[in-house]
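Everything below concerns the one structure shown next.
Throughout, read-outs are computed from the coordinates displayed, never taken from laboratory work. Treat the numbers as computed from the prediction; the structure is a model and nothing was measured. We place every Cβ from the backbone using ideal geometry, glycine too, and count neighbours over all the protein chains shown.
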Amino acid sequence: MKQYKVGLVGIGTVGTEMIKVLRERKFPCSEIRVLATRDRDQEIAGETFHVRETKAEAFDGLDIVLFAGTEGAKGASKLWGWEAVKRGAVVIDNSADFRQDDRVPLVIPEINAEALDKHQGFIAVPNCSTIITLMGLAPLIRAVPVKHFTAVTFQSVSGAGHKAIDELAAEVKAYQGEEIIAYEPTAFADQIAFNVIPQIGGEKADMPGYTSEEAKMLIESRKILGLPDIKVSCTCVRVPVFYAHSIAIHAQFAQPMTPEMARDIIRKSPGVKLVDDLASGLIPMPIHAGHTDDVQVGRIRIDPCVENGLALFCSGDNIRKGAALNAVQIAEALIQRNLI
Ligand SMILES: NC(=O)c1ccc[n+]([C@@H]2O[C@H](COP(=O)([O-])OP(=O)(O)OC[C@H]3O[C@@H](n4cnc5c(N)ncnc54)[C@H](OP(=O)(O)O)[C@@H]3O)[C@@H](O)[C@H]2O)c1
């Protein structure tokens, strides 16, 4: 079997998980070249890597480059993504920077792997909450068309990077009596321990009242599902959970989608696990979904507010299926489809 030279840009929460996933899945690689902001030796997931400073020549000879750097103008993908493509690699990018670029397929392999067939060297991984929502919802939509859906997210702190994980732990330690003593939040604008923060991202200029994270659920779902007119309303909430995002989804279908039909579809769909027996307490929860690959789907029931309404609840690991695992699965799908 061909062995690939794999680059990894960024070695924070997602990058570290990427190494674990590559090793666990025995990804066929002859080299993993780790790049970040500066040179150093670093132990990552039990292996010592020589981390190199990211520069153009560092991409030479690589077949695949997984990007897990910070987003935005000074972030790794904007600075180096297309340079890596120019130097012959296929880029799989976890940032939000190019997800709406027409040249860039936005892919969840279980849902729209066929979008890879016309790739131009650069593929984007969707937002973690969008992935976890669509893993539960898309198989149902494939069976019965959907009219619209509403999603309320419960997002773990690991979605905001390693500093946010440390911040929740530090605040819990600093909790005395009924207040947190001598700790000023820096990763979040407010205390996250024993709190929920219904704001992730800034206000989206063209969607007044909605945040950038909420807008992603709409625009990314449209692109992935190939449904440019679907209406989606979303509220994104940061919660004091370390790993795994959860999403409460209410969807209106064009024709009946009964809970029994939905359970049957979820049972047969890849990458999801039906966890749905309220009487015996079998419900999706981040404490069980964290550090696992499958997205848990449960609390499936009729939503009586609309005709053909269905409600469900999904929990999935934002670092694994929401980022690192999805990226590695894209690389595997490229190999399977002879696209690399
Ligand atoms: N956390 C999640 O749940 C999640 C889910 C989906 C997508 N994502 C996306 O995945 C990406 C990584 O997130 P994260 O949570 O792993 O971040 P993180 O923990 O903050 O780590 C960021 C990493 O990027 C490196 N980096 C930053 N700017 C760079 C540049 N210009 N060139 C090269 N390397 C650079 C940093 O290098 P140094 O180590 O040298 O500082 C660090 O290793 C982000 O785009 C994020 O939005 C995250």
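Legend: residue pairs LYS20/LYS163; LYS2/LYS55; LYS118/LYS147; LYS147/LYS223, Cα-Cα distance threshold 18 Å; pairs beyond threshold, LYS20/LYS163; LYS2/LYS55; LYS118/LYS147.
Note on region 130-318: antiparallel DSSP beta bridges, both residues inside, total approximately 70 percent of the bridges counted.
Take the chain and mark each of the trypsin sites (Lys or Arg not before Pro) that is in a DSSP loop with at most 11 other Cβ atoms within 10 Å; the longest unmarked stretch, sites excluded, is 75-340. Per residue, the convex hull around the alpha carbon atoms of region 130-318 comes to 138 Å³.
Shape verdict for the chain, please, from the Cα gyration tensor: rounded (a/c under 1.5), prolate (a/b greater than b/c) or oblate. Note, shape of the chain comes out oblate. When +1 charges are put on Lys and Arg Cβ atoms and -1 charges on Asp and Glu Cβ atoms, the dipole computed for the chain relative to its Cα centre reaches about 880 debye. Legend: P(r) of region 201-281 from all alpha carbon pair distances, 5 Å bins from 0, whole percents, reading 3, 11, 15, 19, 22, 15, 10, 5, 1, 0.
Using just the helices of the chain, give the 222 nm mean residue ellipticity in deg cm²/dmol: DSSP H runs with n ≥ 4 each add -39,500 (n - 2.57), and the total is spread over all residues, rounded to 500.
One gets -8500 deg cm²/dmol as the mean residue ellipticity at 222 nm.
Using Cα springs under 10 Å in a Gaussian network model of the chain, which residue among PRO259, PRO109, PRO228 shows the largest mean-square fluctuation? The residue that fluctuates most here is PRO228.
Which of the GluC sites (Glu not before Pro) across region 67-156 are loop residues per DSSP, with 15 or fewer other Cβ within 10 Å?
Answer in residue order: GLU71.
With Cα atoms defining each centre, region 307-326 and region 83-102 are spaced 24 Å apart in the structure. What does the C-alpha gyration tensor say about the overall shape of region 63-205? Classify as rounded when a/c is under 1.5, otherwise prolate if a/b is larger than b/c, or oblate. Oblate shape, in that a/c is at least 1.5 and b/c is the bigger or equal ratio. State the answer as a single residue: which of PRO284, LEU134, VAL172 lies farthest towards the positive end of the charge dipole of the chain, with beta carbon charges of +1 for Lys and Arg and -1 for Asp and Glu, about the Cα centre. It is LEU134, whose Cα lies furthest towards the positive end. Beta-bridge orientation, the chain: approximately 50 percent antiparallel, per DSSP, counting only bridges with both partners inside. Cα centroid separation, region 253-280 to region 126-177: 20 Å. Taken about its Cα centre, region 130-318 carries a charge dipole of about 720 debye when Lys and Arg each add +1 at the Cβ and Asp and Glu each add -1 at the Cβ.
Long hydrophobic helices in the chain: none of the complete DSSP H runs spans 30 Å or more by Cα along its own axis with mean Kyte-Doolittle hydropathy of at least -1.0.
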